[in-house]
Amino acid sequence: MKARLVVAFAAAALAAGCAKETTRYGDARSVETITNQFGSTDLQMMAETMARSMLQAPAIASANLPIVTVQEVRNKTSEYIDTRAITDSIRSELQKGGRVRFAVDQAGMNPQVEELKRQQSELYAKDQRAEMGQMVGAQYRLEGNIISIVKQVRDTKDVYYKLNLQLWNIRNGLLEWSDEKEIRKTTTKG
Amino acid sequence: MTRKILIPAVLGMALAAGCATKKGFEKPGYAFGCPIGEAKVSSMEDLVRTKVQAEGRRTTIQATEMRCSQSGDLMRIDANLNNDSKAVKRISYKFRWIDREGMRAWDEEPWKPVMLYENSNLVINTISPTNKAADFRLILRSEE
């Protein structure tokens, strides 16, 4: 009996030790449904929808390369979401489309000023250094919120996300564009 | 007598000519507002066949209608998807943007998941991300 047990344990240990681990590259743009937490598909869908919607805003569509600065997207959900990743993706899509220019935002201000100051030193050629006082202010600021509503009953968990973005005219304080993207995900066990 | 026969005949011919093409008064190379290039498109079915592709797992969801319009120098697209089955269907879709030379005008879009209720329609819409996009394809894939 004892001998059988030992053999069984040895076999189980061997099987666990030899479990083959494989690593493969996947499609970064495929639909990801591993959990119902905020994921790559949500980020990509939100960024694309918002960027395309913003392209149709009169303030963007009828202006000649308007200058926008990106402000905070407040995370009002119950989980950690890097909202900067959402605005970075929106910014990349709009910048790539060549219809919007972006001014340095609050997060990028310190490195920008530091570099400007650094170039004022005697180490740099006078005719090639960036002049002080030449930075361009933005005409519009982009900000927003992301919220979530989570409901869970026994084996079912439902998560609802809503991203709301607004484009404000800095000069006159008018709201030039606003849009929302909603996502619902439901996980059922069993 | 001849006149009485002639008038309805002429009217009938005019009507038939008017209905011969659903494209109406569209500029050459376009059907239902969508760019078609050299393709022969005389009906909505032809247009859908030209523009819609299936990739990966096949789905029973069909694109039944598609219309395009210009919004400034960008292209707006509406596509109607139909689920004629008695079950909820889940698919994902993406648009592929093509420039005037037939090259990709934009990076591959992310797959966007959508759910269609049983016996229902869903209109998906988008706008081209760049004015370099002169043509497009709608790609569908099952997520079941």
Need the failing condition index for A:GLY133 against (1) on the phi > 0 side of the Ramachandran plot; (2) surrounded by 10 or more Cβ atoms within 10 Å (Cβ to Cβ), just the number. (2)
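Do the conditions hold for A:ARG141, that is, is it surrounded by 10 or more Cβ atoms within 10 Å (Cβ to Cβ) and under 30 Å from A:ARG184 (Cβ atoms)? Give the derivation first.
Numbers: surrounded by 10 or more Cβ atoms within 10 Å (Cβ to Cβ): yes; under 30 Å from A:ARG184 (Cβ atoms): yes.
Taking the combined requirement at face value, the residue satisfies it.
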Can you go through B:THR60, B:THR126, B:THR64 and tell me which one is of a type in the set (S, T, N, Q) and not in a strand (DSSP E or B)? B:THR60
Of those in the stretch B:93-111 that are away from chain A (no Cβ under 11 Å) and outside any strand (DSSP E or B), the residue surrounded by the most Cβ atoms within 10 Å (Cβ to Cβ) is B:ASP99
Cβ-Cβ under 6 Å, sequence separation 6+ or interchain: first residue in the stretch A:102-126 and surrounded by 11 or more Cβ atoms within 10 Å (Cβ to Cβ), partner among the charged types (D, E, K, R). Which pairs? A:PHE102/A:ARG91; A:GLN119/A:ARG129
Only one residue in B:ILE127, B:ILE77 is in contact (Cβ under 8 Å) with a residue 24 or more places away in the chain and within 10 Å of chain A (Cβ to nearest Cβ). Which one? B:ILE127
Output yes when any residue across the stretch A:70-84 is in contact with a strand residue (DSSP E or B) (Cβ under 9 Å, 6 or more places away or on another chain), in a helix (DSSP H, G or I) and more than 10 Å from every other protein chain (Cβ to nearest Cβ), and no when none is. yes
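Go through the stretch A:43-68 and give me each residue that's under 15 Å from A:ILE86 (Cα atoms) and out of contact with any helix residue (DSSP H, G or I) (no Cβ under 9 Å at 6 or more places or on another chain). Steps first, please.
Pass one, the stretch A:43-68, residues under 15 Å from A:ILE86 (Cα atoms): A:43-54.
Passing the criteria: A:MET45, A:THR49, A:SER53.
What residue, among those in the stretch B:24-57 that are assigned to a strand (DSSP E or B) and not β-branched (Val, Ile, Thr), is farthest from A:SER62 (Cα to Cα)?
Start the filter on the stretch B:24-57 by keeping residues that are assigned to a strand (DSSP E or B), which leaves B:30-31, B:34-35, B:52-54.
Going one step further and asking which of them are not β-branched (Val, Ile, Thr), we end up with B:30-31, B:34-35, B:53-54.
On the way: B:TYR30: 25, B:ALA31: 27, B:CYS34: 23, B:PRO35: 24, B:GLN53: 34, B:ALA54: 36 Å.
Here the residue is B:ALA54.
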Given (1) outside any strand (DSSP E or B); (2) more than 9 Å from chain A (Cβ to nearest Cβ), B:VAL114 misses just (1)
Name the one entry in A:VAL113, A:VAL68, A:VAL136 that is touching a Phe, Trp or Tyr at 6+ places or on another chain (Cβ under 7 Å) and of a type in the set (A, V, I, L, M). A:VAL68
How many residues, within the stretch B:130-139, are in a strand (DSSP E or B) and more than 14 Å from chain A (Cβ to nearest Cβ)? 3
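Considering only the stretch A:73-83, I want to know if a residue exists there that is of a type in the set (Asp, Glu), modelled with pLDDT of 90 or more and closer than 30 Å to B:ARG57 by Cα. Lay out the reasoning, then the answer.
The first filter runs over the stretch A:73-83 and keeps only residues of a type in the set (Asp, Glu), leaving A:79, A:82.
Still in the running and modelled with pLDDT of 90 or more: A:79, A:82.
Applying the additional criterion that residues be closer than 30 Å to B:ARG57 by Cα yields none.
Checking the stretch A:73-83: not a single residue is of a type in the set (Asp, Glu), modelled with pLDDT of 90 or more and closer than 30 Å to B:ARG57 by Cα.
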Within the stretch A:126-150, work out how many residues are touching a Leu at 6+ places or on another chain (Cβ under 9 Å) and among the β-branched types (Val, Ile, Thr). 2
Return only the number of the condition from (1) over 30 Å from A:ARG99 (Cα atoms); (2) crowded, with 19+ Cβ neighbours inside 10 Å; (3) more than 18 Å from the chain's Cα centre (by Cα) that B:ARG90 does not satisfy. (2)
Residue by residue through the stretch A:117-175, note down the ones that are within 22 Å of A:ARG84 (Cα to Cα) and assigned to a loop (DSSP other than H, G, I, E, B). A:GLY137, A:ALA138, A:GLN139, A:ILE170
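The values are calculated or read from the model by the stated rules, or taken from the named source; none is laboratory data. Because the structure is a prediction, the values reported are computed rather than measured. Here the Cβ is made from the backbone with ideal geometry for all residues, glycine too, and neighbour counts use every protein chain on show.
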